[in-house]
1. Would it be correct to say that I155 is closer than 19 Å to N205 by Cβ, modelled with pLDDT of 95 or more, within 11 Å of the ligand (Cβ to nearest atom) and assigned to a strand (DSSP E or B)?
2. Of a type outside the set (A, V, I, L, M), loosely packed, with under 14 Cβ neighbours inside 10 Å and touching a Gly at 6+ places or on another chain (Cβ under 7 Å): is that true of E20 in this structure?
3. Could you give every pair whose Cβ atoms fall below 6 Å, whose first residue belongs to the range 134-162 and is on the phi > 0 side of the Ramachandran plot and among the hydrophobic types (A, V, I, L, M, F, W, C), and whose second residue is at pLDDT 95 or above and within 8 Å of the ligand (Cβ to nearest atom), counting only separations of at least 6 or pairs across chains?
4. With D365, D335 as the choices, which residue is of a type in the set (D, E), surrounded by fewer than 17 Cβ atoms within 10 Å (Cβ to Cβ), over 17 Å from M302 (Cα atoms) and more than 9 Å from the ligand (Cβ to nearest atom)?
5. Using beta carbons and a limit of 6 Å, which pairs, at least six apart or on different chains, have the first residue in the range 106-126 and in contact (Cβ under 8 Å) with a residue 60 or more places away in the chain and within 14 Å of D176 (Cα to Cα) and the second one more than 6 Å from the ligand (Cβ to nearest atom) and in a strand (DSSP E or B)?
6. For the range 279-311, how many residues meet the condition of being outside any loop (DSSP other than H, G, I, E, B), of a type in the set (G, A, S) and surrounded by fewer than 20 Cβ atoms within 10 Å (Cβ to Cβ)?
Amino acid sequence: MFRDSVSKFIEAEVLPVYEEWEDAGRTPREIWKRAGDIGILGTSIPEEYGGMGGDFLFDSIVLEELGRYGVAAPAWDMHSYIIAPFLIAFGTEEQKRKWLSKMASGDVISAIGLTEPGGGSDLRQIRTAARRDGDNFVVNGAKTFITNGHIADYILLATKTDPEMGNKGISVFWVDLNSEGVRRGRNLKKIGNKAQDTAELFFDNVRVPQENLIGRENDGWTVLMHGLVQERLVVAVRSVVIAEAALDQTIAYTRERKAFNQTVFDFQNTKFELAKHAAEIEVARPFVDRCIELHAKGELSMNVAAKAKLWTTELADRVLDDCLQLHGGYGYMWDFPVARAWADARVHRIYAGTNEVMKHIISRDL
Ligand SMILES: Cc1cc2nc3c(=O)[nH]c(=O)nc-3n(C[C@H](O)[C@H](O)[C@H](O)COP(=O)(O)OP(=O)(O)OC[C@H]3O[C@@H](n4cnc5c(N)ncnc54)[C@H](O)[C@@H]3O)c2cc1C
């Protein structure tokens, strides 16, 4: 029933205006509120904090429906399934009461700031600094590639509170992006995910009350590591459903399209390409389902999450590239879902930890 309501919502309220959002390079606040109304934003936020009180299975349903329709924005996955869990796990009772219900209702839009112009893979090298000053911290630095950077109200910001201590000197804050000293830079032009705003952010003596520290001071590394398993699984779930959708679309398209007096589907090359990917996807699906199941019980390891992210994102890119090719010139046209998906999914190998970083994690256990 929940899947059905998400699907109807996307068809009625997202698809008809999606292209306008792509042209604008951002999503309007009203759609966040509408998503909040039907529960999409708070699926696994506990009921006492304004959510539906479900688990990652419900999050996955939303992720799958968005992926199935090729909807890469709004970044509800980031807001609800990546950022909210940090507050749930590490927020004080007061922080949870103050922020989670507003996130679930869409009144507050959130972002996460880890990556800096100098690098994203090596988080120990974060340079954005937070210096204690009485009851406040004073933040200086810059972040880049920040999803929701233009539209967000708050950012979960990774800073260095002790530059001498490497990863032990990191602290995480919930920062009001409308504070004095915050400057939002360009909305970066991307090859895909065009309806999502992705921005540079600059912090110049921004005062953050100490009540907005998430977790303990200098223990931000623990906070950040906690979220990585789910973040990678979110990407894996999206990747596998995007591959499934592209395969379905390509079967339908090639069955219609004619060349040399037969359908494109009837060429042996087409059947072999589609058969190969049908097999790969069918093998990937139960693995990802099993990961979802394990994660819902809190048993998915960092290593297996890395394998899921690595495998599914590379699978999706292989499938999408071949599916685009089987569409001929139409596959290169933005109006065709396979073109959008091809461009949108490419980033899955880059964010949530690059696939090279995934290989490092996997190799540690070999
Ligand atoms: C559309 C988009 C949205 C994003 N949204 C956010 C966001 O909301 N918040 C946020 O904080 N970040 C965000 N990011 C940033 C993303 O997480 C980083 O781009 C990513 O972590 C890689 O960091 P980098 O770009 O600095 O690449 P680098 O770290 O400079 O890496 C460059 C290359 O070197 C490779 N490399 C690095 N280290 C190693 C190693 N040890 N071994 C082998 N190869 C290595 C990488 O795999 C990569 O191929 C987003 C990025 C994009 C493109």
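The values are calculated or read from the model by the stated rules, or taken from the named source; none is laboratory data. The model shown is predicted, which means the values in this text are computed figures rather than measured ones. Cβ coordinates were reconstructed from backbone atoms using ideal geometry, including for glycine residues, and neighbour counts include every protein chain displayed.
1. Taking the combined requirement at face value, the residue satisfies it.
2. No.
3. F145/T115; F145/T198
4. Step by step, each of D365, D335 is checked, and only D335 is of a type in the set (D, E), surrounded by fewer than 17 Cβ atoms within 10 Å (Cβ to Cβ), over 17 Å from M302 (Cα atoms) and more than 9 Å from the ligand (Cβ to nearest atom).
5. Cβ pairs passing all conditions: A111/I155; G113/K143; G113/I155; G113/L157.
6. Of the residues in that region, 2 qualify.
Yes/no matrix, rows are residues, columns are (1) surrounded by 21 or more Cβ atoms within 10 Å (Cβ to Cβ); (2) assigned to a loop (DSSP other than H, G, I, E, B); (3) modelled with pLDDT of 95 or more:
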position: G192; (1), (2), (3): no, yes, yes
position: F203; (1), (2), (3): yes, no, yes
position: E217; (1), (2), (3): no, yes, yes
position: T250; (1), (2), (3): yes, no, yes
position: K271; (1), (2), (3): no, no, yes
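Table: residues versus (1) without any contact (Cβ under 8 Å) to a residue 12 or more places away in the chain; (2) charged (D, E, K, R).
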residue: K8; (1), (2): yes, yes
residue: E13; (1), (2): no, yes
residue: Y18; (1), (2): no, no
residue: W21; (1), (2): no, no
residue: L41; (1), (2): no, no
residue: G53; (1), (2): yes, no
